[in-house]
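The values are calculated or read from the model by the stated rules, or taken from the named source; none is laboratory data. In this text, all values refer to a predicted model and were calculated from it rather than measured experimentally. So basically every Cβ, Gly included, is an ideal-geometry build from the backbone, and we count neighbours across all protein chains shown. To get the accessible areas, we keep the full protein, side chains included, count just its heavy atoms, and leave off ligands, DNA and RNA. Shrake-Rupley method; radii C 1.70, N 1.55, O 1.52, S 1.80 Å.
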Amino acid sequence: MKRFLQIALLVATGLSLSACGNLKNSDLANNPTTSTTKKKSYQTTSTSKNGYNVLLKDGEYVTSPIEGTTENTSDNNVDGRALESGLINLSQNTFSSSKYVFQEGQKISVADATDWLGRKSKSNADGLNAEKSTKKDSYNPVILDQILEQDFLTKSNSSYKMGGMSVGLALNSVDYYQKVKDGPQYHKDISRAEQETFGKEAANKLVSYLRKKKGLKDIPILVGLFSKTSKDSLVGGNYFAYGIANANSSKINDWKTVNNRSQVLPTVGSEKAINSTDAASFSDFKAAIQGYFPNISGVTATVRYQNKALTQMNITVTTQFFGYAQIESFSRLVLSAAKKYLPKDAPIEIKINSVNDTQALIAKNSADDSYYVHVFGGE
C-alpha cells in the first residue's frame, strides 16, 4: 500500500488518490507546530482535482500494519494495485474527498488479519475461510486471500477522528495448493457465483468483528468484493460488488453490482477487444512508434473499464536504447503519437523501459489534463 501511495503522490499516475507531496493549508489540514510537547501534529498533502488529501502524523506517512498480509503464497503482483486503487474509487461516492481525508487502515491488526484469513477451526473460531474437508480426495478451497483496510477521517478540533472505513476482500478465482509439503502444486477454479456467495457472507462476519473495535460502532463501513486473477495473468483483477453497513449496523442489506473489466492489448488469439475503437487507437499508436527505431522489443497496454467507459490505459514500451539523446528523441515521438492516436477522455500512462529500468514516462493524470514528459537520468 505504501508503494502505491508513493507513486500516486509523487508521479500522479491518474488515480483519484494523487498528490504533489506538499503540505496544504485547508479546512482539513493542520500545520505542524514547533511545540516541545509530545502531542501529535497532523498535516495533509495537497491533491489534484477530486483527489483525497492524505493524512500525515508529525510529517510522516502512516502505513497499514497488515500491508502484504495474504493467505496465499502464490500471489499475483498485478492484483495489488488494482485492489487498492479500485477500493479508493468505490469509496468516492460514500466518503467525499471534500469532507474526508485518507489514511491507510489502522484498525485491523496483523493478528486480526491472520485469524480472519485463516480457515475456521477449533483453534480459530473467527476464521473466514472454510474448514478443511474431512473427506478423502475432497478439498475446500481458500477463497479469501487478502483484506485491505482504508480509513477516512474528519477533522475534530486539532485532531482527526474516524468518519468511515472501506474494506476490500480479495477473493481467489483460482486456489493453488499442495496436498503434502513440498509436493506438486494443484489448483481449483472458483466461479464468480461461489466468490459472490462466500464474499457476502464473509463481509457480514467481518463487519460484526469490526463493530467490536473502539471507534467503529457508529461509522459507515463499505465492503468491496474483488476477484483476483490467476497467478500468470498480465492484468489485475476487478471489484464486482460492494455494499455498505450503515452506522450501528453489523449487516449489509443492499449490495450493488460493479461492472469493471480489464484487458491486455493487443489481444491474443480469438479474444475480442472490450472496446474495438480503443483497441484500434492503440494499434495505430503502436504502429506509429515502432517504425522510429528498429530495436523496439515490444509495445503492450492494459486497459480498465468501468460501466463500459475507459478509466485507465497503461502502456509499456520496451526498448534497447541506451543513449540519453535516443531516449529523449523517442519520448518526443511517443508524445506526438499519443496526442494523435490515443483516447482523449481517459488517464494515460506510457512507460518507456529497457530490460533493467524505466527510461522515460509520458502521462496525463485525467481526461482533461495535458501530457507531461520526464526522461530519467537527464540534467
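With D115, D151, D137, D126 as the choices, which residue is among the acidic types (D, E) and free of Cβ contacts under 8 Å to residues at least 12 places away in the same chain?
Working: D115 fails: free of Cβ contacts under 8 Å to residues at least 12 places away in the same chain; D151 fails: free of Cβ contacts under 8 Å to residues at least 12 places away in the same chain; D126 fails: free of Cβ contacts under 8 Å to residues at least 12 places away in the same chain.
Selected residue: D137, the only one of D115, D151, D137, D126 that is among the acidic types (D, E) and free of Cβ contacts under 8 Å to residues at least 12 places away in the same chain.
Let's see how each residue does on (1) modelled with pLDDT of 90 or more; (2) closer than 24 Å to G86 by Cβ:
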position: K256; (1), (2): yes, yes
position: R261; (1), (2): yes, yes
position: V264; (1), (2): yes, yes
position: K272; (1), (2): yes, yes
position: F282; (1), (2): yes, yes
position: A288; (1), (2): yes, no
position: G291; (1), (2): no, no
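Just to be sure, is I219 closer than 25 Å to N93 by Cβ, open to solvent by 40 Å² or more (accessible area, probe 1.4 Å) and of a type in the set (A, V, I, L, M, F, W, C)?
No; evaluated as a whole, the condition is false for this residue.
Conditions first: (1) closer than 30 Å to L56 by Cβ; (2) among the hydroxyl-bearing types (S, T, Y); (3) at pLDDT 95 or above. S97 passes all but one, so which condition is the exception?
Going through (1) closer than 30 Å to L56 by Cβ; (2) among the hydroxyl-bearing types (S, T, Y); (3) at pLDDT 95 or above one by one, S97 breaks only (3).
In this structure, does D126 turn out to be open to solvent by 30 Å² or more (accessible area, probe 1.4 Å) and modelled with pLDDT of 95 or more?
Spelling it out, D126 is indeed open to solvent by 30 Å² or more (accessible area, probe 1.4 Å) and modelled with pLDDT of 95 or more.
Can you list residue pairs whose Cβ atoms sit under 8 Å apart, with the first residue in segment 350-379 being more than 18 Å from K286 (Cβ to Cβ) and the second being modelled with pLDDT of 90 or more and exposed (fewer than 12 other Cβ atoms within 10 Å of the Cβ)? Count only pairs 6 or more apart in sequence or on different chains.
Final answer for the pair search is K364/S370; A367/K344; A367/D345.
When S233 is evaluated against the numbered criteria (1) more than 28 Å from L342 (Cα to Cα); (2) open to solvent by 20 Å² or more (accessible area, probe 1.4 Å); (3) of a type in the set (S, T, Y), which criterion, by number, is the only one it fails?
(1)
Return only the number of the condition from (1) at pLDDT 85 or above; (2) under 22 Å from L225 (Cα atoms); (3) surrounded by 15 or more Cβ atoms within 10 Å (Cβ to Cβ) that L55 does not satisfy.
Answer for L55: the failing condition is (2).
State whether one or more residues within segment 354-374 are among the basic types (K, R), buried (at least 16 other Cβ atoms within 10 Å of the Cβ), out of contact with any His (no Cβ under 6 Å at 6 or more places or on another chain) and closer than 21 Å to T300 by Cβ. Break it down stepwise before answering.
First, pick out the residues of segment 354-374 that are among the basic types (K, R): 364.
So of that shortlist, the ones also buried (at least 16 other Cβ atoms within 10 Å of the Cβ) come out as 364.
Filter once more, keeping what is out of contact with any His (no Cβ under 6 Å at 6 or more places or on another chain): 364.
Now drop any that are not closer than 21 Å to T300 by Cβ, which leaves 364.
Yes, segment 354-374 contains a residue that is among the basic types (K, R), buried (at least 16 other Cβ atoms within 10 Å of the Cβ), out of contact with any His (no Cβ under 6 Å at 6 or more places or on another chain) and closer than 21 Å to T300 by Cβ.
In this structure, does K340 turn out to be surrounded by 14 or more Cβ atoms within 10 Å (Cβ to Cβ) and not polar (S, T, N, Q)? Talk me through it step by step, then tell me what you get.
Details: surrounded by 14 or more Cβ atoms within 10 Å (Cβ to Cβ): no; not polar (S, T, N, Q): yes.
In short, no.
Tell me which residues, restricted to segment 278-299, are assigned to a helix (DSSP H, G or I) and open to solvent by 60 Å² or more (accessible area, probe 1.4 Å).
Selection gives S283, D284, A287, Q290.
Residue by residue, here is whether (1) assigned to a loop (DSSP other than H, G, I, E, B); (2) open to solvent by less than 40 Å² (accessible area, probe 1.4 Å); (3) at pLDDT 95 or above holds:
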position: P65; (1), (2), (3): yes, no, no
position: D75; (1), (2), (3): yes, no, no
position: R81; (1), (2), (3): no, no, no
position: G86; (1), (2), (3): no, yes, no
position: N93; (1), (2), (3): yes, no, no
position: K107; (1), (2), (3): yes, no, yes
position: D115; (1), (2), (3): no, no, yes
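Identify, by number, the condition in (1) touching a strand residue (DSSP E or B) at 6+ places or on another chain (Cβ under 8 Å); (2) open to solvent by 10 Å² or more (accessible area, probe 1.4 Å); (3) over 23 Å from R119 (Cα atoms) that I143 doesn't meet.
(3)
Which condition breaks for T316 when tested against (1) in a strand (DSSP E or B); (2) out of contact with any Lys or Arg (no Cβ under 7 Å at 6 or more places or on another chain); (3) open to solvent by 40 Å² or more (accessible area, probe 1.4 Å)?
Exception for T316: condition (2).
Being under 22 Å from G236 (Cα atoms), of a type outside the set (D, E, K, R) and either out of contact with any Pro (no Cβ under 8 Å at 6 or more places or on another chain) or open to solvent by 40 Å² or more (accessible area, probe 1.4 Å) (or both) is true for just one of S166, S159, S138, S208. Which residue is that? Can you show your working first?
Numbers: S159 fails: under 22 Å from G236 (Cα atoms); S138 fails: under 22 Å from G236 (Cα atoms); S208 fails: under 22 Å from G236 (Cα atoms).
Checking each option against the conditions leaves just S166.
State the number of residues belonging to segment 170-201 that are open to solvent by less than 50 Å² (accessible area, probe 1.4 Å) and closer than 10 Å to I143 by Cα.
Selection size over segment 170-201: 10.
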